[in-house]
Every structure is written in C-alpha cells, then in structure tokens.
C-alpha cells in the first residue's frame, strides 16, 4: 500500500507558490449587531451553556451569541447609568454588575431571584473573581490620577484595598494560579503608542495584603510592555493573556512562552474600539487551545466592537485550522486539477503527509507546548515533502489524475516563518476517479 500511495502522490503533487490571499491567519469569526446602535454597552461576561451576559445600555440581558437574540432581561437599573463591568462568580450562580455613575455593585442571581446591592465602589472600572469567590475591582479616584485594586467579600460586602497604583483605571483579571493581572494606562489621552503594559501581583502578595501593607507599582511584576490603550484583559483556559486596545482597535494574545498572536487587526473604519472581551470555554476536557491554527474546540473569544454612535457589534472569534481546497471538484475526474492549502501561517512552511485513510480520533503530538492533532493512520502513512507558503499563507499544488481509481487522506503540519510548528490542517479526503 505504501507503494500505491507514493505512486499516486508522485503523479498528483508538485508545489508552486500561489499569490497572496486576503485571510486572517489562524482565526475565524462572525459578527452580529447587538444593542441599540448609539447605546453604551457596559459589560460582558460568559454564562453557563455558552450564552453571554451584557449590559446593553439600559438593562443586563442574557443573549445567544449565535443569533444575538435576547434570551431574557436579568436586571434593569432604576435610572440611566454607565455600566462598567459584569463578572460571573466561580460557582456560576450569580453575576456582579458594576456601574460608574453612582459606583454601585449589584448582585444578580442567575435563578431569577431579585437582585441586591453588594457594595459601593466609586468610579469602578472592571472586576474579576478569583477561584475562591472573592471579587477584585479596579476603581479610580476623583481626579482619575490614581487607581485602587480592592477585594470584596461577596457575602458581607466588605471592601479591602490591596493595591494603590498611579494613573487612570485599567482592566483586571485573575489567572488560574490566583495572580492578579492589571492593565496599566497612560494618563495622557489619547494614550501614546507603547505607553501601556500588563503587570501582575502574585497570589501570595495578594493574600498578604492589606495586613502586610497595601501593594504599590513597585511590588508588581511587569509581564508585557509596549502596549497602547489597554481596554480589557481576559485569561483563556491555557492561561494566556488576551488584551484589547480601545484606541487602536486591536486584540492581541500573549503566551507565557513569549509567542504573540494578533487576533483582530487595526480596523478599516475610523473611531472603532474593542471595548469588552469575554472568553467562553465549553468546560469539556480536551487538548485544544485558543491559539492560531488550532481546532475550533479551543474556545471562543467574544468581543464588543463599538464607535459609540452608530455601531455596536458582537464579534465571536475561534481558532481556525489551515484547510485544503480542490478544483475543479472532489472527487477528481481524470485530468488536471489543483489542490490549494490556505489559511496557513504567512511565509511559513507546510509538511505534507498522506495515508490510505484517516481516523475520527486524532492522535495528539506535542511539539513544545503546541498540540498537533494528527488523523492519518499507519501503516500506510507517508511523508510527501515540505512546501513553502506565500505571503497569504497559501500554496498551490497543480496535479493530474491519470485515472487511478483510489482515494487518499492528506494532512499538513504547518510552521510559521520562524519554523515553529503551529498546528495541523483539516484532513483532505481526496477521491481520484
């Protein structure tokens, strides 16, 4: 069988670079209009079952991100207010809604019970829960020249200041180890390019405050420098940091190993901001990660995009694997045809494999910390070779079918321009008439 596959491949595949493709490498997404166009959307949080909670400018609502349909209204403030954040507690039994007009924090049970006042924290900007159920909130002072990070007991409403930092408020997140991450912004507006950063206080530091003293910026570890305007910050299931930029309109993922991936690029429309993020994990046990060129099961990032006047959109973003396209058709009739690998890393490489069949249960091979989902089966597995990818992350493979009357499964391992493995393609089941 090895000989049969090799002979088919020798006739079928020869590599030629294709012209550039207009693709977003490694991710795919959809967008929906949500909330009134001129509303100030003030918070976004994941809900059980894959739905989202959002403050749409007038009420906290539960929405279906697949359709944008409001499932239910969960809470409506008594008067107009500017929403700051929504945070889901770790037991998934209630949300906390923060608003900055009056500084109130409201506890909203998911079972439909009445909402209740939790605490008042002036100029609250963002909030996040740790695994133990404590709520951490970033809030500014009256002059917006300083920010406090506070810890709130959600049973009593007691507020403790754990850190005091210079500058206007930024987003806050808690990673899986209990470290508190915070986005630092410049007091200048608009924020000068490169003036923002992400810093962290360790779980041990946070546990020791304020009894051991209120923490300051001198106690913080700088994780990332050179950012612009840090608007929101979330941590994915793998522990990577995902940051949105409210002025320059980008979303970027930072991995602990130093890999940086652009998820959303600079928008073509003027005055468009990415204001809120929420990472949605289905909770299932799987090896997929929320990284470029990985399977979509790695999770979903929800992002609110707004120009604060005519546009409020929900963008739902998932990883996307490289994929094959066959022209003119598959199964392939006798004669010439073309196989194109696309949506792969720009200026990278693809290592091609073929086998007589593929499996629905992928074998997972770790290359460093990158999982490669490989579906081709031995003993007929053969390596076809390595082909370069063009500036659009694609390569064209012109071929000819002499009439072999067989089928093969083809899959690629894709590498970026630094020759780092990033993932595997979807499997192409190629029929040759």
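For the stretch 328-433, the Kirkwood hydrodynamic radius from C-alpha pairs, put into Stokes-Einstein at 25 °C and a viscosity of 0.890 mPa s, yields a diffusion coefficient of 171 µm² per second. The residue 369 and residue 204 beta-carbon pair, evaluated with R₀ = 25 Å, returns a calculated FRET efficiency of approximately 0.50.
Which residue fluctuates most in the GNM of the chain (Cα springs below 10 Å): 343, 107, 72? Among 343, 107, 72, the largest GNM mean-square fluctuation belongs to 72. Each Cα pair under 8 Å and six or more residues apart adds its separation to the average, and for the stretch 99-185 the resulting relative contact order is 21 percent. Once both labels are positioned 7 Å from their Cα atoms along Cα-to-Cβ, the gap between residue 406 and residue 37 label points is 5.9 nm. If R0 equals 22 Å, the separation of the Cβ atoms of residue 357 and residue 433 corresponds to a calculated FRET efficiency of about 0.75. Over all pairs of different C-alpha atoms, the chain has a mean inverse distance whose reciprocal, the Kirkwood radius, equals 23.5 Å.
The order of 74, 54, going from fewest to most other C-beta atoms within 10 Å of their C-beta, is 74, 54. For 276, 182, the sequence from fewest to most other C-beta atoms within 10 Å is 182, 276. Subtracting the Cα-Cα distance of residue 383 and residue 217 from 0.36 nm times their residue separation leaves 54.5 nm of extension gain.
Bear in mind that the values in this text are calculations on the coordinates, not laboratory data. Values in this document were obtained by computation on a predicted structure and should not be read as measured data. Neighbour counts run over all protein chains shown; Cβ positions are idealised from the backbone, glycine included.
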